[in-house]
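The values are calculated or read from the model by the stated rules, or taken from the named source; none is laboratory data. Since the structure is predicted, the reported quantities are computational estimates derived from the model, not experimental observations. Cβ coordinates were reconstructed from backbone atoms using ideal geometry, including for glycine residues, and neighbour counts include every protein chain displayed.
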Amino acid sequence: MDALHVALENLIRDDGQTLNSYFSEVKVNSLIENTNATCHFHCLNLDGNGRPRVDALIQFLNDKVVDYAIPRKKINEAVQYFNLTQSTAKITKLASQAKRLFTRLANSGEGGEFILFLFAEQFLKFPQIICKMSLKTSSQMHYHGADGIHIGVDKDNKKLCLYWGESKLYSNLSKGISECMDSIAPLLQSSMGVEGAETRDMQLLESHLNVDNIELEQALKSFLDPDSPDFNKLEYRGICLVGFDLKDYPQGPSSIDISELVALINTKVGKWSTSVQGGIVNKKLDRFAMHVFILPFPSVKAFRASLIRALES
């Protein structure tokens, strides 16, 4: 498992502390009582004028679309072409292709799925194992299946951990938590039966592993094959992200600094944790290992609209 752990770590696209420019920790690694879930509370950072960095976050996401939406093999081919020719044509083409994969639907949750990907890779260090955006049959349709699939190794129990990801953006936190748990429950609770909720995604993993490494691909497939003894060492886990509206953000330039905002939001964490616990227990997910990210926005509706406009440009 040690060699597999190292190989998976090498897949992580980690550009240091960049995410901390846009998100501030409120409370992380908070255990949810009577569950196996760990909760992480973040908020949007403020700029030097005390404004939430929503527009800057949109630009950052716009710059990361290739990492999120294009398989590693295609990225590596474009980089090799650049190294050979010194032309960025293929890299630029990938950026255009990636942007066209996003839906223009006003109620799209793809922005939340995008942030879930970044948090999973850069905060949790679990690489993306399937590039679901590239599998969409239409840009105006959402991918049917998990919002994201990531992978990691638990060196203590010597298991390969498959993390099903689900994200929800709602104006109301309680509604978002409920809907998120409703979505992830069938994926975690299924066990590769004939009508298992995860069956289609597992089939796609057989032919679309996003690793671009033949040896690693073969090693992973032995754990993903229900007919292999190694499948019994594969543990289903969950990663959830819930974004919601919070009125405590400044509406424009202000004298408030990020430490004051974090302190204010921290007073609400206890109540939010109780809501997360209720959602998990209600869906009988308390025995599954999960990471739950709670991320308030000034307005999820405005965030969606701004991201769509940026991707259209």
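Among the residues of the stretch 291-313, what is the count of those that are charged (D, E, K, R) and touching a Pro at 6+ places or on another chain (Cβ under 6 Å)? Walk me through how you get there before you give the answer.
Restricting attention to the stretch 291-313, the residues satisfying the condition of being charged (D, E, K, R) are 301, 304, 309, 312.
Remaining after also requiring touching a Pro at 6+ places or on another chain (Cβ under 6 Å): none.
Count: 0.
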Q: Identify all residues within the stretch 89-109 that are at pLDDT below 95, under 26 Å from ASN20 (Cα atoms) and either under 12 Å from the mean Cα position of the chain (by Cα) or of a type in the set (A, V, I, L, M) (or both); write none if there are none.
A: GLY109
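Answer with yes or no whether ILE265 is part of a helix (DSSP H, G or I) and in contact with an Asp or Glu (Cβ under 8 Å, 6 or more places away or on another chain).
Values: part of a helix (DSSP H, G or I): yes; in contact with an Asp or Glu (Cβ under 8 Å, 6 or more places away or on another chain): yes.
Spelling it out, ILE265 is indeed part of a helix (DSSP H, G or I) and in contact with an Asp or Glu (Cβ under 8 Å, 6 or more places away or on another chain).
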Q | Candidate set from the stretch 60-76 (those that are part of a helix (DSSP H, G or I) and touching a helix residue (DSSP H, G or I) at 6+ places or on another chain (Cβ under 7 Å)); member that is surrounded by the most Cβ atoms within 10 Å (Cβ to Cβ) | A | TYR68
Q) THR92 is checked against (1) exposed (fewer than 13 other Cβ atoms within 10 Å of the Cβ); (2) β-branched (Val, Ile, Thr); (3) part of a strand (DSSP E or B) and fails just one. What number does that condition carry? A) (3)
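Would you check which residues across the stretch 11-56 are of a type outside the set (D, E, K, R), surrounded by 17 or more Cβ atoms within 10 Å (Cβ to Cβ), in a loop (DSSP other than H, G, I, E, B) and over 16 Å from the mean Cα position of the chain (by Cα) and list them?
We begin by selecting, within the stretch 11-56, every residue of a type outside the set (D, E, K, R); these are 11-12, 16-24, 26, 28-32, 34-46, 48-50, 52, 54, 56.
Then keep just the ones that are surrounded by 17 or more Cβ atoms within 10 Å (Cβ to Cβ); that gives 11, 19, 22-24, 26, 30, 32, 35, 37, 39-46, 50, 52, 54.
Now narrow it down to the ones that are in a loop (DSSP other than H, G, I, E, B): 11, 22, 32, 35, 45, 50.
The answer is ILE32, THR35, ASN45, GLY50.
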Q) Inside the stretch 143-166, can you point out the residues that are in a loop (DSSP other than H, G, I, E, B), closer than 13 Å to CYS180 by Cα and among the acidic types (Asp, Glu)? A) ASP147
Q) Got at least one residue in the stretch 54-67 being without any contact (Cβ under 8 Å) to a residue 24 or more places away in the chain and closer than 28 Å to LEU209 by Cα? A) yes
Q: Search the stretch 101-112 for residues being of a type outside the set (A, V, I, L, M, F, W, C) and surrounded by 14 or more Cβ atoms within 10 Å (Cβ to Cβ), and hand back the single one that is nearest to HIS42 (Cα to Cα).
A: GLY112
Q: Among the residues of the stretch 285-305, count how many are touching a Leu at 6+ places or on another chain (Cβ under 9 Å) and assigned to a helix (DSSP H, G or I).
A: 4
Q | Enumeration of residues in the stretch 46-70 that are closer than 21 Å to LYS93 by Cβ and either in contact with an Asp or Glu (Cβ under 6 Å, 6 or more places away or on another chain) or of a type outside the set (Gly, Ala, Ser) (or both) | A | GLN59, LEU61, ASN62, ASP63, LYS64, VAL65, VAL66, ASP67, TYR68, ILE70
Q: Could you check, for the stretch 256-263, whether at least one of its residues is surrounded by fewer than 16 Cβ atoms within 10 Å (Cβ to Cβ) and touching a Lys or Arg at 6+ places or on another chain (Cβ under 9 Å)?
A: no
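If only one of GLY252, GLY279 is within 21 Å of the chain's Cα centre (by Cα) and either in contact (Cβ under 8 Å) with a residue 40 or more places away in the chain or surrounded by fewer than 21 Cβ atoms within 10 Å (Cβ to Cβ) (or both), which one is it?
Numbers: GLY252 fails: within 21 Å of the chain's Cα centre (by Cα).
Selected residue: GLY279, the only one of GLY252, GLY279 that is within 21 Å of the chain's Cα centre (by Cα) and either in contact (Cβ under 8 Å) with a residue 40 or more places away in the chain or surrounded by fewer than 21 Cβ atoms within 10 Å (Cβ to Cβ) (or both).
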Q.
If a residue must be out of contact with any His (no Cβ under 8 Å at 6 or more places or on another chain), closer than 17 Å to TYR236 by Cα and at pLDDT 95 or above, how many such residues does the stretch 117-146 contain?
A. 1
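Does TYR81 satisfy being surrounded by 14 or more Cβ atoms within 10 Å (Cβ to Cβ), free of Cβ contacts under 8 Å to residues at least 40 places away in the same chain, in a helix (DSSP H, G or I) and among the hydroxyl-bearing types (Ser, Thr, Tyr)?
Working: surrounded by 14 or more Cβ atoms within 10 Å (Cβ to Cβ): yes; free of Cβ contacts under 8 Å to residues at least 40 places away in the same chain: yes; in a helix (DSSP H, G or I): yes; among the hydroxyl-bearing types (Ser, Thr, Tyr): yes.
Answer is yes for this residue.
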(Q) Quick test of your reading of the structure: ILE265 fulfils all but one of (1) touching a strand residue (DSSP E or B) at 6+ places or on another chain (Cβ under 7 Å); (2) more than 19 Å from PHE41 (Cα to Cα); (3) of a type outside the set (Gly, Ala, Ser). Name the failing condition by number. (A) (2)
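Look at the stretch 264-302 and say how many of its residues are of a type in the set (Ser, Thr, Tyr) and more than 13 Å from GLU33 (Cα to Cα).
From the stretch 264-302, those of a type in the set (Ser, Thr, Tyr) are 267, 273-275, 299; that's our starting set.
Now drop any that are not more than 13 Å from GLU33 (Cα to Cα), which leaves 267, 299.
Total meeting the criteria: 2.
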